[in-house]
């Protein structure tokens with residue numbers, strides 16, 4: 001008798017019409033038919049021979065084919081006489097020592113960054129994302145980076161409009177004089193000033209798109225991630241708002257600059273004080289398993305949620321918005337993607 | 001599990017066409033590690049890190 005053992009690092013997420021198998025060691029996910037889910041479950045309870053015998057002749061060929069797929073992709077291994085009990089299940093608990101992990105700021109003035117510097121240290125914030133409509137000079141970029149020199153921030157990402165001073169010399173100046181910036185996106189760029197090679201200490205993007213802050217919240221395959229930190233956070237918490245804080249252009253402290261509710265203004269209150277206000281953490285544990293439609297989606301643990309733009313048609317008993325993200329064009333019941341903005345419900349926000 | 005209402009065999013399989021995801025979101029494309037200073041953590045070897053997920057989805 002042969003037994004199939006699924007590796008501990010393999011996470012199978014069942015959707016309404018497909019399954020997603022995530023390899024949390026190789027950091028890849030693949031889609032498979034729903035019936036493979038049943039076979040994987042059967043393989044946990046019975047030997048391979050008995051499972052094959054349970055199917056009609058034609059299906060037996062397919063069970064063998066599925067077994068080959070499981071073996072070829074190294075989702076598990078076969079043992080004789082019994083399962084190998086030496087491999088315990090992987091824990092899906094999530095632990096992150098930072099009180100907050102990220103801050104998303106809609107840039108208004110540099111003084112805001114100076115104001116939050118102490119709070120960033122106290123809250124052990126790891127990442128800063130800055131969205132600006134102001135055209136930053138090289139000095140601006142360097143100043144932003146230097147405000148957080150020797151801080152706990154381990155990365156800064158900046159969205160800024162492209163302007164004619166941005167050329168290779170400009171970017172080289174940033175390369176030589178910044179440390180924490182890992183990503184720069186110049187938007188509204190009609191023509192790339194030079195060909196980008198992998199030569200700077202940060203990733204650099206020029207995009208023609210007129211990126212507005214309200215463009216955020218898109219759900220797309222390109223934003224899905226398979227890695228154990230992301231997946232375990234999504235299994236236990238809200239994949240967007242957990243440990244996030246935001247400041248909008250008026251200095252209002254929010255869960256995200258695009259959310260409506262605010263917890264005070266940065267001119268009057270610290271991030272620490274906003275963080276302990278009632279309601280600040282109310283969305284933190286709203287997992288995709290509790291969000292309508294998403295709860296039936298096979299991508300629910302590799303996708304990043306959005307609570308700022310939702311379909312606004314479901315609320316739970318605690319008053320939390322449990323509607324599907326507005327900018328998601330995926331239908332887990334058909335397995336089909338379509339442009340999210342096609343829906344008549346969504347004509348007001350086409351960004 | 002599919003229900004079996006007393007049939008001899010389980011419901012037949014269909015072996016539908018399989019799709020593969022694009023693996024563009026793989027991390028660790030760059031092998032260079034950038035080292036920073038952090039006063040709070042009293043470290044000269046504080047590693048610059050990209051987040052484990054996209055913090056914004058603007059593009």
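You can think of it this way: the chain between residue A:99 and residue A:173 has 23.3 nm of extra reach, that is 0.36 nm per residue less the Cα-Cα gap. Beta bridges per DSSP, both residues in the protein assembly as shown: antiparallel share near 50 percent. Give the calculated FRET efficiency between residue A:199 and residue A:41 to the nearest 0.05, with a Förster radius of 51 Å applied to their Cβ-Cβ distance. According to the calculation, E is roughly 0.55. How high is the relative contact order of chain A, given as a whole-number percent (alpha carbon pairs under 8 Å, six or more residues apart)? That works out to 16 percent.
Rounded to the nearest 5, the antiparallel percentage of DSSP beta bridges internal to region A:214-351 is 90%. Using a cut-off of under 20 Å, list every residue of region A:144-184 whose amide N is near the label point 7 Å from the Cα of residue A:190 along the Cα-to-beta-carbon line. Zone members listed by number: A:160-168. Rounded to the nearest 500, the 222 nm mean residue ellipticity of the protein assembly as shown from helices alone is -6000 deg cm²/dmol, with -39,500 (n - 2.57) taken per DSSP H run of at least 4 residues.
Stretch residue A:249-residue A:122 to full length: gain in nm at 0.36 nm per residue minus the Cα-Cα span?
Length gained, residue A:249 through residue A:122: 43.4 nm.
Tell me the relative contact order for region A:1-112 as a rounded percent, counting alpha carbon contacts under 8 Å between residues six or more apart.
Working: 115 pairs, mean separation 38.1, N = 112.
Result for region A:1-112 is 34 percent.
In terms of Cα atoms, the Rg and Dmax of region A:20-108 work out to 19.3, 68 Å.
Taken over the Cα atoms of chain A, the convex hull encloses 177 Å³ per residue. Across peptide A:150-162, the average count of Cβ atoms from other chains found within 10 Å of a residue's Cβ is 4.
Per-residue Cβ counts within 10 Å, from other chains only, averaged over B:40-53: what number is that?
6
Spacing of the modelled spin labels on residue A:82 and residue A:341, each 7 Å from Cα toward Cβ, amounts to 6.1 nm. Computed over region A:168-285, relative contact order equals 16 percent, with contacts defined as Cα pairs under 8 Å that lie 6+ residues apart. Segment residue A:208..residue A:265, full-extension length gain: 17.2 nm, with 0.36 nm per residue of separation and the alpha-carbon distance subtracted. What is the distance in Å between the Cα centres of region A:60-117 and region A:184-259? Measuring centre to centre over Cα atoms gives 21 Å.
With a simple spin-label model that places each label point 7 Å from the Cα along the Cα-to-Cβ direction, the separation between residue A:277 and residue A:26 comes to 4.7 nm.
Read the figures in this text as sums done on the coordinates, not as results from a lab. Given the structure is predicted, the values throughout are model-derived calculations rather than measurements. Virtual Cβ from ideal backbone geometry, glycine too; neighbours counted across all protein chains shown.
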